[in-house]
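Take a look at the structure below.
What follows is calculated from the coordinates using simple rules that are stated; it is not laboratory data. Just so it is clear, the model here is predicted, and its values are computed rather than measured.
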Amino acid sequence: MPGGRPILGRDLQAALRAFGQGDGDSEALRAAVPDDAEVASYEDLARAAPPERLGLTSGAHAAVFGPLFGEFE
């Protein structure tokens, strides 16, 4: 968790809105990871909300969410 703060479902929603370029299913993301749920790693997110569930390519999924977890910096 970068900065010592947990990544929450609401953080993932914000990233999808900001960087998803209109792609991605925010309702599917919210169903998989509720707003107050903590996600410990990108791998955990990929298991709970894989790219195909959100209507994203694997590259777009990694680009949108990976930086939240310190990936691809």
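Can you show me the helix-derived [θ] at 222 nm for the chain, built from DSSP H runs with n ≥ 4 at -39,500 (n - 2.57) apiece and divided by the number of residues, rounded to the nearest 500.
Details: 5 runs with 37 residues, N = 73.
So the helix-based figure for the chain works out to -13000 deg cm²/dmol.
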Can you work out D for the stretch 2-69 in µm² s⁻¹ from Stokes-Einstein, where Rh is the Kirkwood radius over C-alpha pairs, the temperature is 10 °C and the viscosity is 1.306 mPa s? 138
For the chain, calculate the relative contact order in percent as a whole number, restricting contacts to Cα pairs under 8 Å that are 6 or more residues apart. 41
Between residue 5 and residue 19, what is 0.36 nm times their sequence separation minus the Cα-Cα distance? Round to one decimal in nm. 3.0 nm
